[in-house]
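Reading through the structure tokens given below for one structure.
The values are calculated or read from the model by the stated rules, or taken from the named source; none is laboratory data. The shown structure was predicted, so the numbers you read here are calculated from the model rather than taken from an experiment. With ideal geometry, Cβ positions are generated from the backbone for all residues, glycine too; neighbour counts draw on all protein chains shown. For the accessible areas, the whole protein counts, side chains as well, though only heavy atoms, and no ligand, DNA or RNA atoms are used. Shrake-Rupley method; radii C 1.70, N 1.55, O 1.52, S 1.80 Å.
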Amino acid sequence: MLIPFSPPYIDQRMIDEVVDTLRSGWITTGPKTKKFERELADYCGNQATLAVNSNTFGMEIVLRWFGIREGDEVIIPVYTYCATANVIVHCGATPVMVDVCPTDLNISIENIRKAITSRTKAIIPVDLGGLPIDYDELFSLVQSKEVRTLFSSITKEQELLGRILILSDSAHSIGAEYKGRKTGSLADISVFSFHAVKNLTTAEGGAIALNLPLPFDNEKVYQYLCALTLHGQDKDALAKTKKGAWRYDVITSGYKGNMTDIMASLGLIGLEHYEDEVLKIRKHIFDQYSAALIKYAWAELPVYETPDKKSSYHLYCLRIKGISEKQRDDIIQRIFDRDVSVNVHYQPLPLLTAFKDEKHPIEDYPVAYDSYCREITLPVWYGLTDEMIDQVIDAVVQSVEEVIGF
Ligand SMILES: *Cc1c(COP(=O)(O)O)cnc(C)c1O
């Protein structure tokens, strides 16, 4: 039987909670979504959290709230999912891609420094695989006098912040820690994904964790973003059902991207068991893989714990030393032939048609390209048994050694 790569974890408690919502008479944004938002903010330690229909939508409305538009530049890692770049393009701005660090595949702060110009309005780092980036270093950079002087504000929000916005693409990293603090409380704003393959899922879904510094009032920003996710209405559907409260205003031409109570039902139960069950099991799987693979000279293991950081153990990104892209593809085929599903994270953006750019060819990103060529992501999910872990390890070891000739 084929071991899948990342099936969702759905148990009876989740099914019961969804059924409870279906029977309750209220299925769209309502009490369960609001409860999920409060519990997310409590878990992450940030000031206010807004649940939305995806990470992609969440990042896009944050960029729009901040006034990102044509002529602006937003710095992102070249080694990420296309969503990180797409949201910038949707706003008419330019994604400026930079290369990553060879050790942990996270965005290089030094490369960010070199890419900052007077047009830079935001940086979207990605906690790749679940490992937080160096947030202190990134904040020192954007708060430095040199970089602040370059920043020019056009909107009220940009003026209030007075510097480049740090919007974390935390699609992988809910529950991860940096210097004892959880993601969601590390950047100005962080956006989670609850897509079906992510650690915590609502089928589709996401959340915007607000942690803006003074003089911002995060509660007010939350209220405004709430409206922005509902056509700009100043009242949601539930508020309008209160006796006599039918009248509403539309404060801006908003978007539509709210979370439903059906989705939040999955999230509420998932979150209850996240820290003590899901993260523990994911860490156990990572530890088993590393303990077995460290014996092989060809294995370059992912970094998922450092003195300052703890991953959320989302992606186990293994690299094989000294192989070509073609050999990697051959190894992957042989692993599948042994009934184990694996994946590649990521194809650097310039390899994809939508992001090909003559001025910035793939040769400009040697670390990302080299890592991509040698990378294989192993399956990690709640329910993967020790026997299956052994099957994965055997399949990887045998396939690699057949191809590189041991
Ligand atoms: C999954 C993912 C996204 C998109 O999340 P959605 O909730 O599907 O919009 C964005 N960035 C990264 C790095 C991702 O892995």
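Of note:
- On the stretch given as segment 302-344, residues that are over 22 Å from VAL197 (Cβ atoms), of a type in the set (A, V, I, L, M) and without any contact (Cβ under 8 Å) to a residue 40 or more places away in the chain total 0.
- Flag for VAL221 being out of contact with any Pro (no Cβ under 8 Å at 6 or more places or on another chain), hydrophobic (A, V, I, L, M, F, W, C) and more than 12 Å from the ligand (Cβ to nearest atom): yes
- If you go through segment 248-264 and keep only what is assigned to a loop (DSSP other than H, G, I, E, B) and either open to solvent by 30 Å² or more (accessible area, probe 1.4 Å) or among the acidic types (Asp, Glu) (or both), you end up with TYR248, ASP249, ILE251, THR252, SER253, TYR255, THR260.
- Of the criteria (1) more than 28 Å from PRO132 (Cβ to Cβ); (2) part of a loop (DSSP other than H, G, I, E, B); (3) out of contact with any helix residue (DSSP H, G or I) (no Cβ under 8 Å at 6 or more places or on another chain), which one ALA239 fails: (2)
- Of the numbered criteria (1) on the phi > 0 side of the Ramachandran plot; (2) among the small types (Gly, Ala, Ser); (3) open to solvent by less than 20 Å² (accessible area, probe 1.4 Å), the one SER399 fails is (1).
- Out of ASP386, ASP394, sole residue that is open to solvent by 10 Å² or more (accessible area, probe 1.4 Å), touching a residue at least 40 places away in the same chain (Cβ under 8 Å) and in contact with a Lys or Arg (Cβ under 8 Å, 6 or more places away or on another chain): ASP394
- GLU146 meets all of the listed conditions (1) over 23 Å from TYR81 (Cβ atoms); (2) out of contact with any helix residue (DSSP H, G or I) (no Cβ under 8 Å at 6 or more places or on another chain); (3) touching a residue at least 60 places away in the same chain (Cβ under 8 Å) but one, namely (3).
- If only residues of segment 194-205 that are over 13 Å from LEU271 (Cα atoms) and in contact with a helix residue (DSSP H, G or I) (Cβ under 8 Å, 6 or more places away or on another chain) are counted, the one that is surrounded by the most Cβ atoms within 10 Å (Cβ to Cβ) is GLY205.
- Remark: ARG119 matches the filter, which requires a residue to be open to solvent by 10 Å² or more (accessible area, probe 1.4 Å) and in contact with a strand residue (DSSP E or B) (Cβ under 9 Å, 6 or more places away or on another chain).
- Residue match in segment 316-323 (condition: open to solvent by 40 Å² or more (accessible area, probe 1.4 Å), of a type outside the set (Gly, Ala, Ser) and more than 30 Å from THR21 (Cα to Cα)): yes
- Yes/no for ASP20 being under 30 Å from TYR274 (Cα atoms), charged (D, E, K, R), within 16 Å of the ligand (Cβ to nearest atom) and open to solvent by 10 Å² or more (accessible area, probe 1.4 Å): no
- Once segment 265-295 is narrowed to residues that are open to solvent by 60 Å² or more (accessible area, probe 1.4 Å) and assigned to a loop (DSSP other than H, G, I, E, B), the residue that is farthest from SER193 (Cα to Cα) is LYS295.
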